[in-house]
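Input: a single structure, listed below in structure tokens.
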Amino acid sequence: MDRQDRLVELRNVSRWYGNVVAVNDVTMTLGAGVTGLLGPNGAGKTTLLHMMAGFLAPSQGTLTVAGVPAWRNPEVYREIGLVSEREAVHGFLSAWEFVLASAKLHRLPDPAGAARRAIALVEMEEAQYRRIETFSKGMRQRTRVAAALVHDPSILLLDEPFNGMDPRQRIHMMDLLHRMGREGRTVLFSSHILEEVEQVSGTVQVMVAGRLAASGDYRSIRRLMTHRPHVFAIHSTDDRRLAIALMHEESVNGIDVEKSGLAVRAGDYGAFTRALPKIALREGVRVRRLTPSDESLESVFSYLIAGVQ
């Protein structure tokens with residue numbers, strides 16, 4: 001397989017619906033291996049995947065799959081396998097019937113043989129003749145992945161593939177994606193959960209409000225998140241005395257004294273949490289409560305997107 005056959009390339013891609021901008025000026029290149037598309041709900045991840053799959057045309061910019069435009073080009077489906085977030089599986093079919101139908105739609109020379117190989121790849125042989133409506137969420141997902149892989153595509157796109165899965169099912173799906181990446185396929189999966197991306201992907205693309213906020217390996221993204229400004233809610237036996245002492249700490253950017261305690265803005269999470277106990281002990285103040293007050297993913301993403309505005 002030529003390297004070009006595994007590439008998905010976007011250059012200044014935007015997509016809007018009337019006055020609503022869903023994807024805004026995104027440039028990225030996806031190659032062999034597993035990439036996580038991370039972002040909160042509504043960030044534009046699904047729109048981006050649908051453009052890659054040829055369902056939507058970019059309003060602006062260029063998007064190519066295996067070197068050719070994806071929009072209005074059925075040939076790209078020889079290279080793409082797609083598992084959408086919304087299930088579109090007829091429950092009265094067996095897994096075998098569903099995967100075989102996908103093989104026939106691709107007009108493969110040996111559809112039965114291709115279906116058998118795809119079902120074995122996702123380890124669904126024992127349940128392949130059961131109706132899909134009897135399957136667990138994880139089994140349905142594996143069946144859909146088998147249908148997406150039946151024509152041996154070089155590129156696999158998955159939209160929130162871990163939704164609704166129990167821990168065992170998640171582990172199985174993660175192992176499968178790792179296997180696909182090791183085989184040299186280009187695998188892109190979207191998620192709004194940081195831990196999923198950490199465990200599966202080598203490369204992370206962070207989307208916020210339609211924009212590409214950060215790009216790199218997981219460790220570099222984690223460093224960006226760790227070194228962003230943090231806000232801590234603190235309640236102690238003497239908030240004012242503690243606030244005065246904290247003002248001299250290098251990692252502290254600001255303090256608000258409130259009725260409920262202190263709101264401390266720190267520029268370095270690790271340095272502040274190491275310094276606080278020492279300062280409190282020196283001042284004879286007992287810290288009764290210490291909680292990060294802005295640890296939601298939305299606050300992390302908002303910080304990242306601020307860096308590209």
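The values are calculated or read from the model by the stated rules, or taken from the named source; none is laboratory data. As the structure is a prediction and not an experimental result, all values here were calculated from the model. Note that we place each Cβ from the backbone using ideal geometry, even for glycine, and neighbour counts take in every protein chain shown. Just so you know, the surface numbers come from the protein's heavy atoms only, side chains and all, with ligands and any DNA or RNA stripped out. Shrake-Rupley method; radii C 1.70, N 1.55, O 1.52, S 1.80 Å.
Rounding to the nearest 10 and keeping the result within 0 to 90°, find how far the Cα-based axis of helix 297-306 lies from the longest principal axis of the chain. The angle comes out at about 90 degrees. Think of each Lys and Arg Cβ as +1 and each Asp and Glu Cβ as -1; about the Cα centre, that makes the dipole of the stretch 54-207 roughly 380 debye. Scaling the Cα radius of gyration of the stretch 236-278 by the globular reference 2.2 N^0.38 Å produces a ratio of 1.06. Accessible area ranking (1.4 Å probe, heavy atoms, ligands and nucleic acids excluded), largest first, for L82, L262: L82, L262. Each Lys and Arg adds +1 at its Cβ and each Asp and Glu adds -1 at its Cβ; summed about the Cα centre, the chain shows a dipole of about 180 debye.
Just want the answer: with Cβ charges of +1 for Lys and Arg and -1 for Asp and Glu, which residue in V76, I119, G138 is farthest toward the dipole's positive end in the chain? Result: G138. Looking at the chain, the accessible area is 50 square angstrom per residue; that uses a 1.4 Å probe and ignores ligands, DNA and RNA.
Among I80, I155, I244, the largest mean-square fluctuation in a Gaussian network model of the chain, built with springs joining Cα atoms closer than 10 Å, belongs to I244. Note on P(r) over Cα pairs in 20 Å bins from 0, in percent: of the candidates [x] 32, 49, 18, 2; [y] 30, 57, 12, 0; [z] 29, 45, 21, 5, the value calculated from this structure sits at [z].
Our note on the geometry: Cα centres of the stretch 156-180 and the stretch 29-76, 20 Å apart. Reducing the stretch 232-286 and the stretch 88-152 to their Cα centroids gives an inter-centroid distance of 58 Å. Taking 24 Å as the straight-line reach from the Cα of K45, the lysines in range (excluding those fewer than 8 positions away in the same chain) are K137. Carbon-plus-sulfur accessible fraction, the chain (probe radius 1.4 Å, protein heavy atoms only): 50%. Annotation: amide H of V23 within the under-5 Å range of R15, sequence separation 5 or more or interchain, hydrogens built in the peptide plane.
Ordered by 1.4 Å accessible area with all protein chains kept, K278, K45, K259, K137 run largest first as K259, K278, K137, K45. Which residue fluctuates the most in the chain, going by a Gaussian network model with Cα springs under 10 Å, if the choices are V208, V200, V264? So, out of V208, V200, V264, the one fluctuating most is V264. Comparing V231, A275, N24 along the charge dipole axis of the chain, the residue lying farthest to the positive side is A275, per the Cβ-charge model. GNM on the chain, alpha-carbon springs under 10 angstrom: the most fluctuating residue among I119, I279, I132 is I279.
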